[in-house]
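Structure first, commentary second.
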Amino acid sequence: MTVKTMQTADVKDLLEKVAGFNQDGGDERVKKIVHRFMHDVFQLIEDFDVTPEEFWQAVYYVGDLGKNGEAALLAPGLGMDKYLDIRMDAEDEQAGLAGGTPRTIEGPLYVAGAPMSEGFARMDDGSDENAETMILTGQVTEENGNPLVNAVVDVWHANTMGNYSYFDQSQSEYNLRRRIRTDENGRYTAQSIIPAGYGCPPEGSTQALLNLLGRHGNRPAHIHFFISKSGFKHLTTQINLAGDEYTYDDFAFATREELVVEANRIDDPAQAEGYGLNKPFTKVEFNIQLVSTDKPELQSRHERKRALEGEAA
């Protein structure tokens, strides 16, 4: 039988003291958030009759999550990143800033300061000779379809093992990471390799919880983007490659129909030669439309902890 204690004076008094309501110092917003958060935790314990054994198991889980460095992996897995996107989409709609290429989650594996190229970049270091060559290309435009010159397309993706440079120390520095400034026609082009999707570490904290939920921890093959230009809303997005087993079953909930892109095999030697290649390749075309805004705070990516951010040029 569940014991009802939430409405007692003792619990109400405890929550106020926990949140520092009886103290003059501190941050009032943080106090209110902590009060609400702890109220909801206490209420959950009451509603589900959580035992001390279950409670401490959860506490140790949080400790392991931090030790494994997987908090930023669990967040998208529990839909938190997707929920923030839903809120930002609603805010854009309300402010008259909807439209353009849809946003989707950033993920935890961005590294700042990738080399900058003009119009074209070679992203891979050539070490994976068995990888499928990819030509990634597209045009960046504004709302009316006019090309945007000197927009910065910051792109990153995994290798054929589903691993990202910097976090995977076996890869060369900034492998599969580049910034490309669009040319006079608003176009960008990158030569790279077709990435693989990845799964959460099987023995990690994220997968442990997903197992209890009866869920897998896999992501499809995908490519991340930041796109920015002065006078336009910064765009954080990613594309999923069509045909992957997990294209529409992404554990991180990043798939949007408009962001599923075909990967087309090209066997025509003339097209290959046009990109400086002498063999078949796979072409991925992703055109991007930005939305104009005069609000400076919307023209740059939101703040969060990112590898090398603040250290790179």
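The values are calculated or read from the model by the stated rules, or taken from the named source; none is laboratory data. In this text the structure is predicted, and so the values were computed from the model without any measurement. Glycine also receives a Cβ, built like all others from the backbone with ideal geometry; neighbour counts cover every protein chain displayed.
Here segment 149-164 is the region considered, the condition is being of a type outside the set (Phe, Trp, Tyr) and crowded, with 22+ Cβ neighbours inside 10 Å, and the residue that is farthest from residue 240 (Cα to Cα) is 151.
Can you spot a residue in segment 206-217 that is in the same structural domain as residue 291 (by TED's automatic domain parsing) and on the phi > 0 side of the Ramachandran plot? Step through it out loud before you land on a result.
If we filter segment 206-217 for residues that are in the same structural domain as residue 291 (by TED's automatic domain parsing), which is where we start, we get 206-217.
Subset that is on the phi > 0 side of the Ramachandran plot: 214.
Looking for residues that are in the same structural domain as residue 291 (by TED's automatic domain parsing) and on the phi > 0 side of the Ramachandran plot, one finds at least one in segment 206-217, hence yes.
A single entry from 66, 26, 77 fulfils the requirement of being closer than 17 Å to residue 212 by Cβ and small (Gly, Ala, Ser): 77. Considering each residue of segment 270-284 in turn, at least one proves to be touching a residue at least 60 places away in the same chain (Cβ under 8 Å), in the same structural domain as residue 214 (by TED's automatic domain parsing), surrounded by 15 or more Cβ atoms within 10 Å (Cβ to Cβ) and within 26 Å of residue 143 (Cβ to Cβ). With respect to the conditions (1) surrounded by fewer than 18 Cβ atoms within 10 Å (Cβ to Cβ); (2) closer than 19 Å to residue 106 by Cα, residue 170 lacks only one, and its number is (2). Entry remark, segment 88-127: residues being in contact with a strand residue (DSSP E or B) (Cβ under 8 Å, 6 or more places away or on another chain) and of a type in the set (Gly, Ala, Ser) number 8 in total. Looking across segment 91-101 at every residue that is under 20 Å from the mean Cα position of the chain (by Cα) and outside any loop (DSSP other than H, G, I, E, B), the one that is surrounded by the most Cβ atoms within 10 Å (Cβ to Cβ) is identified as 92. For residue 18, are the conditions met, namely being surrounded by fewer than 12 Cβ atoms within 10 Å (Cβ to Cβ) and either outside the structural domain of residue 209 (by TED's automatic domain parsing) or basic (Lys, Arg) (or both)? So residue 18 fails the test. Residue count for segment 42-61 under the criterion of being β-branched (Val, Ile, Thr), surrounded by fewer than 13 Cβ atoms within 10 Å (Cβ to Cβ) and assigned to a helix (DSSP H, G or I): the result is 1. The test for being loosely packed, with under 12 Cβ neighbours inside 10 Å and modelled with pLDDT of 95 or more holds for residue 213.
Looking only at residues in segment 102-148 that are among the aliphatic types (A, V, I, L, M) and surrounded by fewer than 19 Cβ atoms within 10 Å (Cβ to Cβ), the one that is nearest to residue 275 (Cα to Cα) is 131. Scan segment 230-265 for residues that are part of a strand (DSSP E or B) and either without any contact (Cβ under 8 Å) to a residue 24 or more places away in the chain or surrounded by 20 or more Cβ atoms within 10 Å (Cβ to Cβ) (or both) and report the count. Summing the residues that are part of a strand (DSSP E or B) and either without any contact (Cβ under 8 Å) to a residue 24 or more places away in the chain or surrounded by 20 or more Cβ atoms within 10 Å (Cβ to Cβ) (or both) in segment 230-265 gives 11.
Every residue in segment 69-93 that is in contact (Cβ under 8 Å) with a residue 12 or more places away in the chain and on the phi > 0 side of the Ramachandran plot, please. If the condition is that a residue be in contact (Cβ under 8 Å) with a residue 12 or more places away in the chain and on the phi > 0 side of the Ramachandran plot, then 79 is the only one that fits. For segment 32-53, residues that are under 12 Å from residue 15 (Cα atoms) and either of a type in the set (A, V, I, L, M) or touching a strand residue (DSSP E or B) at 6+ places or on another chain (Cβ under 6 Å) (or both) total 4. Of the residues screened, residue 191 is one that is surrounded by 16 or more Cβ atoms within 10 Å (Cβ to Cβ), at pLDDT 95 or above and over 13 Å from residue 225 (Cα atoms). Remark: pairs (first residue in segment 1-21, assigned to a helix (DSSP H, G or I); second residue hydrophobic (A, V, I, L, M, F, W, C) and modelled with pLDDT of 95 or more; Cβ separation under 8 Å; 6+ apart in sequence or on different chains) = 11/42; 15/38; 15/42; 18/34; 18/38. Quick check on segment 50-85: of everything there that is at pLDDT 95 or above, of a type outside the set (Ser, Thr, Tyr) and touching a Ser or Thr at 6+ places or on another chain (Cβ under 7 Å), which residue is farthest from residue 254 (Cα to Cα)? Selected residue: 64.
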